[in-house]
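I have placed the structure first, in the form of structure tokens, so that the comments after it can refer back to it.
The values are calculated or read from the model by the stated rules, or taken from the named source; none is laboratory data. Source: prediction; values computed, not measured. Every residue, glycine among them, receives a Cβ derived from its backbone with ideal geometry; neighbour counts consider all protein chains shown. Accessible surface is based on the protein model in full, side chains and every heavy atom, while ligands, DNA and RNA are left aside. Shrake-Rupley method; radii C 1.70, N 1.55, O 1.52, S 1.80 Å.
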Amino acid sequence: MSTDRLAVRKTYKLYVNGAFPRSESGRTYAVTDAKGAFLANAAWASRKDARDAVVAARAAAGKWSGATAYNRGQVLYRVAEVMEGRHAQFCEEVAAGEGLSSSRARAAVDAAIDRWVWYAGWTDKLGAVLGAANPVAGPYFDFSVPEPTGVVAVLAPQRSSLLGLVSVLAPVLAGGNTAVVVTSRTRPLPAVTLGEVLATSDVPAGVVNLLTGDAEEIGPWLAEHDDVDAIDLTGAPAGCAMELERLAAGSIKRVVRPPAEEPDWSADPGLTRLTPFLETKTVWHPMGL
Amino acid sequence: MTSLFEYAPAPESRSIVDVAPSYGLFVDGEFVDGSGTPLKTVNPATEEVLSEVATATDADVDRAVRAARRAFTRVWGPMRPADRGKYLFRIARLLQERAREFAVLESLDNGKPIRESRDVDVPLAAAHFFYHAGWADKLDWAGLGPGPRPLGVAGQVIPWNFPLLMLAWKVAPALATGNTVVLKPAETTPLTALLFAEVCRQADLPPGVVNIVTGAGDTGRAVVEHEDVDKVAFTGSTEVGRSIARAVAGTRKKLTLELGGKAANIVFDDAPIDQAVEGVVQGIFSNQGHVCCAGSRLLVQESVHDEVIASLQRRIGTLRLGDPLDKNTDIGAINSAEQLARIRELSDVGEAEGASRWQPACELPERGYWFPPTVFTDVSPAHRIARDEVFGPVLSVLTFRTPDEAVAKANNTTYGLSAGIWTEKGSRILAIADRLRAGVVWANTFNQFDPTSPFGGYKQSGYGREGGRHGLAAYLEGAR
């Protein structure tokens, strides 16, 4: 019997509203490995895809932000569990895309999975760490709580295709926001696989939307979209960030500016990626007999 | 409406204040001439010119920023945090000691009733300095990350509605965290900021720590766009906020914006109507409605609509409009001719779009800028008076049937600064507050402020918080 089985190749598509559509534009682009060898054709997301993704993210925002913090934590932990089962596949894709040795690729995948665990544990502690009971000079119980900003557009890092992506996406979700992510342009394949993990991890449809393609092309549409509340420019292509920040000013979006160069994603993330996508609500509740 | 009681005039004496015929800029601890064409600041209640105030040009602003930088590097930055705190305590005490002077000057320059400047603006301004003074040497315990450090020079631009109070909201946290300041007051209300400059001198605050540059929009732009400013803080309109966000795009400047609002005040059918009406009146008519968090949309449950409107009109009929310095005055003057024109325009649009305008019989003084308290009923959510910020004594009334509808209507705005809930049911307060997309929610009260309580908006009402532990983050490096 022959062992030369003909492989079933994977079609890499977008992940929008819990489904895996092709780009409505019908466009694809060739993705190569670090050495230039062809890996796959990925969907090349268009303006319309970005708008569809925002609609899905807005529709999902109420349910996700309204879920209990405990529930959100379990869902994010479940992402780590499901990723663990796909460990080998992620290692292969990261190694190919980023040109890493298998041990370094494994370290990146391990760290990406652990990052979900870290943020899963944050969901029900943000209120304690970032909230407050304010001793006002009057008969009120006055308290402040962190709440999600809403729909967050994320331009994911261009180099770190999985660990970088998870490092910018997970904090957005942990705070209760929904996300529209433009993945690394040249290294989009781990993002598509992550979409498959999210689709089977109890993350409600629309909470995460992953667009493979060019942030330079889609970024401006997201930056000026009135139904996007915040934008993370971490992966903005060189020279684009200032214009994107200007566009974002039109609807007073919260903006995370890009670092001078892509950081070492293995470092302890702290709270710095959580707080930009949280609002503080202060409630004055009367006291009296 | 004939009033039950006749009130004798009870004016606060203005002799406590010496208004100089002209003022310079306050730069590096000295009053200096400005290079621009001076502005006249008028008493909006009489149109009397109070004083001529310098206009700072780009070069003047540059001198102020350089003074602030020097003070930051050489004096204020290296100073023991406890000593920075002591300067702020001194300023708080001086504001209390000179409270009457500040209150009278504020009412003269702004047009707001002395009852408010005396009981709200000035005491709260002092409280902000007192509160932040205590933070100066406790920042390591603020929970904002390890080793919090100041940003450097803060450029701050403030509005005309609460001139001294907004100054306090900006200057107190900036100084407590170790920054120095270049502040631009509003062009129509510069006088209390200049009196504050004198307080800084009285407190022996080192030169350059606080610099005050007066002028109009161009001066503000020069402050915001100056290359050596590390932090921009702005309170004002959403339109100007947008242009500032554009101007700082691509720079390293940290930005906080406190912008407009169109707050919903939601009255449920179980609310104590008299108390709710009092709060609604206070929420929209205090400070002539020149309040970014004013409760300018009344959402009233349909079953009590008629009762609430009748009670509201009765109460509004007893409001006293007139001389801001009279202790019995409830409604003072509109701050400027320009603002009055905007209020008139939007009110006319309200009528033209089909809403019904109601105003009490109300005699307006002949001189000055005045607008009577106004209520629009039959307002639909699509009307401009239900969407646009009027920034005047104009209330738009809408109705709802269910809590879900109330929340949907309250959130149906691009703004998200504040909201009010009136009900006897505590669990309903918390459930509705949870669902409102607004930075501050008042239950069975409205327009309450406290230095310990973070204030700021959602959505297009801006970002960043002022007050409380949260407010410090805006002025610290790497604060999470």
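General remarks:
- Residues B:Tyr458, B:Tyr369, sorted by accessible area with the largest first, give B:Tyr369, B:Tyr458 [1.4 Å probe; ligands and nucleic acids excluded].
- Cα-derived Rg to Rh of the protein assembly as shown, Kirkwood definition: 1.01
- Among B:Pro173, B:Ile316, B:Leu259 - extreme Cα towards positive end, dipole of chain B, charges at beta-carbon: B:Pro173
- For the range A:140-210, the spread of Cα coordinates along the three principal axes comes to 55, 25, 16 Å, biggest extent given first.
- Rolled with a 1.4 Å probe across the full set of protein chains, the surface gives B:Thr177 an accessible area near 0 Å².
- Accessible surface of the range A:30-70 [probe 1.4 Å, protein heavy atoms]: carbon and sulfur percent: 57 percent
- Eligible lysines near A:Lys13 by straight Cα distance, threshold 19 Å, same-chain separation 8 or greater: A:Lys48
- Hydrodynamic radius (Kirkwood) for the range B:132-281, which is based on Cα pairs only, to one decimal in Å: 17.2 Å
- Listed residue pairs exceeding 18 Å between alpha carbons, taken from B:Lys86/B:Lys138; B:Lys112/B:Lys184; B:Lys170/B:Lys253: B:Lys112/B:Lys184
- The protein assembly as shown - charge dipole about Cα centre, Lys and Arg +1 at Cβ, Asp and Glu -1, debye rounded to 20: 1940 debye
- Rounded to the nearest 0.05, the FRET efficiency derived from the C-beta distance between B:Thr402 and B:Tyr7 at R0 = 45 Å is 0.55.
- Pairs of Cα atoms farther than 16 Å apart, the range B:325-430, %: 66 percent
- Here's the picture: charge each Lys and Arg Cβ at +1 and each Asp and Glu Cβ at -1 in chain B, and of B:His226, B:Ser303, B:Ala406 the one pushed furthest to the positive end of that dipole is B:His226.
- For chain A, the pair-distance distribution built from all alpha carbon pairs, in bins 10 Å wide starting at 0, is 7, 29, 35, 19, 6, 3, 1, 0, 0 percent.
- Measure of compaction for the range A:22-137 (Cα Rg per 2.2 N^0.38 Å): 1.46
- Here B:Lys262 is the anchor, and the aspartates and glutamates within straight C-alpha reach of less than 12 Å, apart from those fewer than 8 places off in the same chain, are B:Asp388, B:Glu389.
- Buried accessible surface for the A/B chain pair comes to about 3100 Å², total over both chains, computed with a 1.4 Å probe.
- Gap separating the Cα centres of the range B:167-235 and the range B:416-480, nearest whole Å: 25 Å
- Scaled against 2.2 N^0.38 Å for its residue count N, the alpha carbon radius of gyration of the range B:67-160 is 1.30.
- The label point for B:Lys425 and the one for B:Glu278, both projected 7 Å from the Cα toward the Cβ, are 2.4 nm apart.
- If a spin label sat at a point 7 angstrom from the Cα of A:Ser266 along the line to its beta carbon, the backbone N atoms of the range A:152-175 nearer than 19 Å would be those of A:157-168.
- In loop segments of the range B:344-442 as defined by DSSP, the GluC sites (Glu not before Pro) with at most 10 further C-beta atoms inside 10 Å of their C-beta are B:Glu363, B:Glu366.
- Solvent-accessible surface ranking, highest first, for B:Met79, A:Met242, B:Met166 at 1.4 angstrom: A:Met242, B:Met79, B:Met166
- Inter-centroid distance (Cα atoms) of the range A:1-62 relative to the range A:152-179, Å: 18 Å
- Highest average first, the peptides B:391-402, A:203-214 ordered by how many other beta carbon atoms sit within 10 Å of their residues are A:203-214, B:391-402.
- For B:Ala341 and B:Arg93, the difference between the fully extended length at 0.36 nm per residue and the C-alpha to C-alpha distance is 85.4 nm.
- The mean number of partner chain beta-carbon atoms within 10 angstrom of a residue's beta-carbon across peptide B:453-462 is 5.
- Dipole magnitude for chain B: computed about the Cα centre from +1 point charges on Lys and Arg Cβ and -1 point charges on Asp and Glu Cβ, it is near 1740 debye.
- Using the alpha-carbon positions of the range A:1-63, Rg (one decimal) and Dmax (whole number) come out as 16.3, 56 Å.
- Each label was represented as a point 7 Å from its Cα along the Cα-to-Cβ direction; for A:Thr3 and B:Asn412 these points are 6.8 nm apart.
- Peptide B:240-249, shielding by other chains (average Cβ, 10 Å cutoff): 4
- Cross-link reach list, aspartates and glutamates versus B:Lys425, counting only Cα pairs under 19 Å and skipping chain neighbours closer than eight places: A:Asp142, B:Asp269, B:Asp270, B:Asp274, B:Glu278, B:Glu302, B:Asp404, B:Glu405, B:Asp434
- Legend: mean number of C-beta atoms from other chains within 10 angstrom of residue C-beta atoms, peptide A:264-275, equals 2.
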